[in-house]
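Scroll down for the structure; my scribbles are underneath it.
The values are calculated or read from the model by the stated rules, or taken from the named source; none is laboratory data. None of the values given here were measured: they were computed from a predicted structure. Note: ideal-geometry Cβ built from the backbone for every residue, glycine included; neighbour counts use all protein chains shown. Remember, those area values only see protein heavy atoms, side chains included, never the ligands or the DNA or RNA. Shrake-Rupley method; radii C 1.70, N 1.55, O 1.52, S 1.80 Å.
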Amino acid sequence: MAPQKRPRFEDEDEIISVVQASSSFRQGDGQRKKARVSAGPRSSKSDLTHSPSVPSSDSGSNEEVQYSYTNNDDGPVQTQHEAARDHWEDYSPQTQALDDAWAEKKHQERLQRNKTNKIGDNAAADNAIIEKITCQNFMCHDLLSVELGPLINFIVGENGSGKSAVLTAITLCLGGKASATNRGSSLKSLIKEGTDKAVLKVTLKNGGTDAYQKDLYGDKIIVERSFTTSGSSGFKLKNSADHTVSTKKSDVDDLIEYYQLQVDNPMNVLTQDAAKSFIQTSTPKEKYEFFVQGVQLQQLDNDYKLVSDTCQQIEDRLLDSKENIDILKKELDKAEQRAKISDQFKNMRIQMGIMGKQLAWAQVVDQENILKERQRDATEAEVNVTQGEKAIEERSTAYEIMHRKLEQAEENLEQTQDDLAPLELEETTALEAWNQVQAEVRMAESIRVQIRKDLSNAEKLVTSCQHDVDAEKKRIEDANGGASARKQAEIDAAEIDLKDATEALESHQETRQELDKENAAAYEASKKYDSQLRAKNGEIKDYQGGLRELEASRGNHMAGYGPHMATLLKRIQADGGFRERPVGPMGLHVKLLKPEWSSMIESIIGNLLMAFVVTSKQDQVRLAQLMQGVIQNPAQRPQILIGNGALDNFSMNEPDPQFDTILRVLEIDNNLVRKQLMIVAGIDQTILVRSRSEGQRVMFDGPKLQNVRVCFTPHDSKQDWAQRLSIGGNGATETTGQKLDLKSAPRMKTDTESQITLQKQRLSNAQREKSEIDEKICVRRDDYRRTDEAIKQHESDRKQLRIRVQRAQERVDELQAEFDVVNITDGALDALKISLTEAEADVKRLEDDYGSQSVQIDEVNKIASAKKRSLKGARLVTTEQRTKVEKAQNRIKQTTSARNTALGEKNFACEEIDTLRKRKATAGQAVADQEEQVASFTEQAAAVSPERMDIEVGTTFERLEQKYDKFRKQLKEHHNRQGANDTDVYAQRNEAQARFNQANANYMNQAELLQLLKFSYDQRLTMFRYFRRYISSRSRVLFSYMLHERAFRGDLMIDHKSKLLDVRVEPDNTKKSGKGHSTKALSGGEKSFSSICLLLSLWEAMGAPLRCLDEYDVFMDDVNRDVSARMIVTAARRSVGKQFILITPKALAKDIEAAADVKISRTRLRDPRAKQTAIEDYME
């Protein structure tokens, strides 16, 4: 596609605006060269309609002039496009005056610059210049070849000589239509009579930095068009070497569009007929049409009207589409509802299909289980034979061992008996010390008993004294006539109130302790859950880190081995000094079959996965040296194991097949790695169970499992922990925790996507558990706030009760004082009270003595406890030693018995070997028979399902069959209710969805397109009005200046609203009055001169590189012809880089000569009916 050509400049300080002269709605995506039109100052939309600005002098500042006016034009009703296009302010006299003032000022500045310009400033353009025209069998010419100059060309020829064929050839060869030339209605009518094909060639200059695809065409482009009488027509684009580059009309159009030659523009190529009727016979309306077509305003207006109509059509369609979308949405909802019902039974159908296959393979599984049992029997029989053969030798060795153990046991008994004597003496000493302390304890207890008796007697004396005091008080009350009794009653009532208040306070104090406990419990629970929340956040962080590691390790199987492993492997690969190349890291040879156990197995055998295996000590030392050079930190260096490649038969040492062991969930491709993992980590005897409760049942309930060392299960509540279950050597159960590494990238080969899914599930579970902990924290915090408020309320109530007790005590004291006033006494009561006080003091003394004695007893008891512990320790040591003696004695008995048993077993093994060999033969035959049975069942199942189906452990054929029949019955009922099969339901849903999506997408696209079109329309219309105003004002000013060349005066009147254009010309500019004459009142020469003035003014307002004019002086007299010719030359010189082709039947004025800045080619054509000769032969 052609590159976008840069805009050109006519003057040093006047930028030529770039306007695309055709709409992008009717063009392809090719880059086009844009039309160049002299423009005035740029202004926004508001500047064009309200406050147009007038550029000031060369200082660069702008002086804005405001005009206020109203629109009183009552014209016909306008369309929406016309109303937006024909803004009334654009037609106001003030606006036109402002535009004309600006255009005149710019023209004056340009004239001033031209006065200082030297001849030769005008120069030919680097491209878009027609250098040569060739016509063959065209119109009246057999062969016509015309070479043109780059600037001004005059073609002079007699009438009928065929000079107009030059312009016609240019128009047709550069893509114009035959009807535009006014020389024929079709191409075949322009072919010379007597021939059947015409060929036209136009050579274009293609230089400069903005040349058109210069690397493809070179400095010249030859456009060739041929057409025949049969109606065929074709184009060719040739490079400077005359080689054809393209034969496509579209490529010709791209070239013409790039250089903006505009041969169809009636103002660029003004034909003979158009020149005659331009002013003389046309009406103002026709002149206006000619004007808007020439400056391409009409084409732009048509394009923008098309956009406006398109916007309205889209709006109408959007209204209709909205209703259709609502209807389609209802249909879609209905179809989706039916599809949802079918979805509920979709899984059932899938399960039925799977169960049908499982039914066939379930029978195979049953037979395989029988085969496994028989294989186990055969293996066991074979092992028994092997073991039996070894038993004789082993039991002979066992007998010798037992004999030696018996001798050692006898020596051990003698030694333990010697060690028992001093321990028994120490026990006796400790017993005597304890007996002595016990005597002291009994003595202290007897003293405390005596003190307790004295205390009881003293308490009885206090009671007696209190009775005497009460009797004396009654006697005194009787003596006082009852006043004292009443006062005493009041005192007693007040004391009761005091007692009640005190008890209420004490009771209230007791409830405080319970509240404090509840508050502390709520606080501790909140702290506990806070701790759990922190742990859970750390767990979530670990999961997120592990997930990032998994996602980062996609496609990188070395991600989990650290940054140095790849370098170490390269060093090992390059080292040739190993006897056998080391195997490792071991994780590269291990593939995990069940990703759910990844984290647990990585944590159990993680270090071994980094390890290497060698087969000799020499290789171990060499590998260690390599590691030192690669891994500086010794703690980070992998472990190096030594093993051999011989794989022993460990299958007999594996647990029951129903359990998953670490070995069974791994696929190991190297025997060295498998053997080392079995020896070092015991992966063949480490089982994996999915729940702790199940693991405890398997490990701890019932008999001990054979060939099981340890069991690992997930933690009940902590997803980053595992439980390790085992049985110790003394038979005790052991349960410990195992922290899981969830952050590191996996080292075993596995399905990364499955691990990522599993890790995401763990992360989701952890986040859910975190939410649950958050809820519990909220509950505990609410409890803490509730108990805290209760404590505050309790404290407030306690203060009220204390006030009540204080007031009751004050009331008692007040009444007691009143009682003392009215009480009559003779001193006996005081004596009795003294006795009471002394008795109470004795009670207090005895209570203190009792407490002191209790403390003394406690101290003695502590000493006794220490002595007892010493005695217990001595007895324990002695007992242990006696136990050792007994054990030594029992060991002698057991060893003696074992020696005798070993002898018997040796004899029995010799007798048992024959029986074992017979059982082996029987078991082998049973395996062979069952293998045939399994093969038969497998063949039948494969006919049903070629792919083997997995059967859950514990699932039987009968249970599967019952479930299959149940699903089939439910599915049949569903089909009866639905009334159609699921395929039709889904198809209807998909069709409804597709219709709705398509309609909605179309609606959104149309709405977006409408918005974009409206925005583009507003922007383009603003520029259109801007362009129309200033091209009109410049044309008016230039027309007036052109008339001044012959001392004419006139006006160019352009009425865009009424679509009229007319000129008023006054041949005598000395007449200042009057508006001038219309064109009908002018002479023929004056009309032609006026036409030239109008044409040149419009040319100056345009930017096309090519300007052609045929018989411009046909009606001019010699004076007007000379003036017009000079005007054209002058205008051409001002139009730097433009090419002019002017055709005239008249001779040129003598003063029109070639100059340094303009090359003028004068060419004269003769009658083509004469002998054809190259045009150079007739050059003047």
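Trypsin sites (Lys or Arg not before Pro) within the range 986-1046: which are DSSP loop residues with at most 16 other Cβ atoms inside 10 Å? Intermediate values should be presented prior to the final figure.
Values: sites: Arg989, Arg995, Lys1014, Arg1020, Arg1025, Arg1028, Arg1029, Arg1034, Arg1036, Arg1046; in loops: none.
Hits after loop and neighbour filter: nothing returned.
Through the Karplus equation 6.51 cos²θ - 1.76 cosθ + 1.60, θ set to phi - 60°, convert the phi angles of the range 763-776 into ³J(HN,Hα) values in whole Hz; use x for Gly and Pro.
Values per residue, Gly and Pro as x: 4, 4, 5, 4, 5, 5, 5, 4, 4, 5, 5, 4, 5, 5 Hz.
Going through the range 655-728, which trypsin sites (Lys or Arg not before Pro) have at most 10 other Cβ atoms within 10 Å and a DSSP loop state?
Numbers: sites: Arg664, Arg674, Lys675, Arg690, Arg692, Arg697, Lys704, Arg709, Lys718, Arg724; in loops: Arg664, Arg690, Lys704, Arg709, Lys718.
Here the trypsin sites (Lys or Arg not before Pro) that fit, given the DSSP loop and packing criteria, are Lys704.
Considering amide H positions built from the backbone, and no H for Pro or chain starts, which residues 5 or more places from Leu143, or on another chain, come under 5 Å of its amide H?
Residues meeting the criterion, in which the H sits 1.01 Å from N, are Asn137.
Below 8 Å between Cα atoms, with a sequence gap of 6+, how large is the relative contact order for the range 192-333 in percent? Walk me through the intermediate numbers first.
Values: 128 pairs, mean separation 17.6, N = 142.
Once divided by the residue count of the range 192-333, the mean separation gives 12 percent.
Could you tell me which of the pairs Lys163/Lys201; Lys163/Lys238; Lys197/Lys236 are separated by over 22 angstrom between their Cα atoms in the structure shown? Spell out each step's value before the answer.
Values: Lys163/Lys201 16 Å; Lys163/Lys238 26 Å; Lys197/Lys236 15 Å.
Flagged as over cut-off: Lys163/Lys238.
Placing unit charges on C-beta atoms (Lys and Arg positive, Asp and Glu negative, everything else neutral), compute the dipole magnitude of the range 493-648 about its Cα centre in debye, rounded to 20. Show your work: numbers first, answer last.
Details: 19 positive and 21 negative charges, 427 e Å.
Roughly 2060 debye for the range 493-648.
Whose amide H sits under 5 Å from the amide H of Glu1066, counting only residues 5 or more places off or on another chain, with H placed in the peptide plane?
Correct list: Arg1049, Gly1050, His1077.
Accessible area per residue, 1.4 Å probe, Å², for the range 167-213: what's the number?
Accessible surface, normalised per residue, equals 40 Å².
Percent of accessible area on the range 323-369 owned by carbon and sulfur, 1.4 Å probe? Before the final figure, lay out the partial values.
Values: 1370 of 2730 Å².
Answer for the range 323-369 is 50 percent, counting heavy atoms of protein chains only.
Near the amide H of Asp656, under 5 Å away, which other amide H atoms are found, from residues 5 or more places off or on another chain, if H is placed in the peptide plane?
Residues meeting the criterion, in which the H sits 1.01 Å from N, do not exist here.
At a 1.4 Å probe, what is the % contribution of carbon and sulfur to the accessible area of the range 497-554? If you can, show how the numbers build up before the last one.
Working: 1610 of 3480 Å².
C and S atoms contribute 46 percent here.
Which residue, chosen from Leu836, Gln889, Thr879, occupies the Cα position most advanced towards the positive end of the dipole of the range 836-920, where the dipole is computed from +1 (Lys, Arg) and -1 (Asp, Glu) charges on Cβ about the Cα centre?
Gln889
Tell me the carbon and sulfur percent of the accessible area for the range 989-1053, rounded to whole percent, probe radius 1.4 Å.
Numbers: 1710 of 3180 Å².
Whole-percent figure for carbon plus sulfur exposure: 54.
Eigenvalues of the Cα gyration tensor times 5, then square-rooted: what semi-axes does that give for the range 484-591, in whole angstrom, largest first?
Values: eigenvalues 1427, 39, 13 Å².
Semi-axes (√(5λ), whole Å): 84, 14, 8.
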